[in-house]
Every structure is written in structure tokens, then in C-alpha cells.
Amino acid sequence: MKPRIQVCNQTRWGEMADIITKTEEEWRRTLTPEQYHVLRDKGTERPFTGEYANTNTPGVYRCAACEQELFLSDTKFESGCGWPSFYAPTSQDNVEESEDLSLGGMRRVEVTCSRCGSHLGHVFPDGPRPTGMRYCINSVSLKLEPK
């Protein structure tokens with residue numbers, strides 16, 4: 001049976017976009033256990049273990065849950081944190097950012113996919129130019145589409 005996908009057509013900016021919603025059972029059927037843990041339960045993969053931590057392949061990084069375009073390889077840099085790091089998303093409309101106090105009250109900014117709401121990682125204000133931002137993203141949250 002094919003998963004039910006509910007589509008909404010309005011972004012926070014009033015533009016047309018496809019918002020995907022599935023039940024948690026539908027997500028469990030479509031994601032691997034590790035993907036489900038990170039994308040839906042807001043887990044974190046161990047540092048320096050992810051598939052894309054040291055990848056330099058040119059291409060587009062998409063959400064592993066819904067395939068929305070998230071980051072370009074041109075914005076990927078080596079931060080030494082153990083997770084793929086980018087200084088900007090392809091479009092600010094493709095990610096949502098919200099305060100995260102889940103780690104013992106430490107203030108962080110969570111990054112989620114704006115299309116399906118899946119957890120991607122966190123963003124920190126210690127990245128390189130031109131943005132000064134470091135989007136620290138779990139590899140398992142991503143799918144690389146090589147150029």
C-alpha cells in the first residue's frame with residue numbers, strides 16, 4: 001500500500017509549496033530505523049561516522065525523507081565537528097529554524113526541512129564567510145544527488 005501524502009499549498013511567505021505529512025507509521029515504513037531515529041525522533045548520529053562527513057562530491061544534498069533540495073556541495077566546508085557542514089541552505093524557504101533547549105538547557109537552533117518537518121541538525125553562528133553560519137547536518141538526514 002502506497003503511503004498517504006497530504007499536501008498543503010502555502011508557505012510562511014505565501015508562496016506555493018508542497019508540504020508533506022504522513023503518520024508516524026507511514027514514516028516508519030518509508031525510512032530506515034536510523035533515518036527514523038534522526039529525522040522523526042530528533043536523534044543525532046555519532047560524529048565522524050556519517051556517509052557525507054568527508055564527501056567532496058559535487059552535487060545537491062536533498063532531504064532523505066522527502067527529497068526537497070536543501071544544500072549545494074559548493075557551500076559545504078570542513079568544520080571539524082564530525083558532521084557535514086554548510087554555510088547556507090539553497091533557499092531559506094527550504095529549512096525552518098527554531099530554538100532547541102533539549103540538551104540540558106543549552107541554547108541551540110534546530111534545523112528542520114520545511115517540506116516534511118524532518119529534523120536535519122542544528123545551525124551555529126561560527127561558520128565561514130560569506131554567511132558566518134555553520135549548518136551542522138546529520139548525514140543520515142541527507143541524500144546526495146551528484147552532478
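Of all residues in the stretch 88-110, how many are loosely packed, with under 11 Cβ neighbours inside 10 Å and in a loop (DSSP other than H, G, I, E, B)?
2
Restricting to the stretch 122-132, what's the tally of residues that are crowded, with 21+ Cβ neighbours inside 10 Å and either of a type in the set (S, T, N, Q) or touching a residue at least 40 places away in the same chain (Cβ under 8 Å) (or both)?
The number of residues fulfilling the criteria is 0.
Could you grab the pairs with beta carbons closer than 6 Å, sequence gap of 6+ or different chains, first residue in the stretch 61-80 and free of Cβ contacts under 8 Å to residues at least 40 places away in the same chain, second one of a type in the set (S, T, N, Q) and surrounded by fewer than 20 Cβ atoms within 10 Å (Cβ to Cβ)?
What qualifies is E69/T90; L72/T90.
Let me confirm something: among E45, E67, which residue is out of contact with any Leu (no Cβ under 8 Å at 6 or more places or on another chain), part of a loop (DSSP other than H, G, I, E, B), surrounded by fewer than 18 Cβ atoms within 10 Å (Cβ to Cβ) and acidic (D, E)?
E67
Would you check if F77 is over 13 Å from V140 (Cβ atoms), modelled with pLDDT of 95 or more, surrounded by 12 or more Cβ atoms within 10 Å (Cβ to Cβ) and in contact with a helix residue (DSSP H, G or I) (Cβ under 6 Å, 6 or more places away or on another chain)? Steps first, please.
Values: over 13 Å from V140 (Cβ atoms): yes; modelled with pLDDT of 95 or more: yes; surrounded by 12 or more Cβ atoms within 10 Å (Cβ to Cβ): yes; in contact with a helix residue (DSSP H, G or I) (Cβ under 6 Å, 6 or more places away or on another chain): no.
Here the answer is no, as F77 does not meet what is asked.
Among the residues of the stretch 48-64, write down those that are assigned to a loop (DSSP other than H, G, I, E, B) and surrounded by 20 or more Cβ atoms within 10 Å (Cβ to Cβ).
Listed by number, the residues that qualify are G50, Y52, A64.
Surrounded by 14 or more Cβ atoms within 10 Å (Cβ to Cβ), among the small types (G, A, S) and either closer than 20 Å to D41 by Cβ or touching a strand residue (DSSP E or B) at 6+ places or on another chain (Cβ under 7 Å) (or both): does that describe G117?
yes
The values are calculated or read from the model by the stated rules, or taken from the named source; none is laboratory data. Computed from a predicted model, the values in this text were never measured in an experiment. Neighbour counts run over all protein chains shown; Cβ positions are idealised from the backbone, glycine included.
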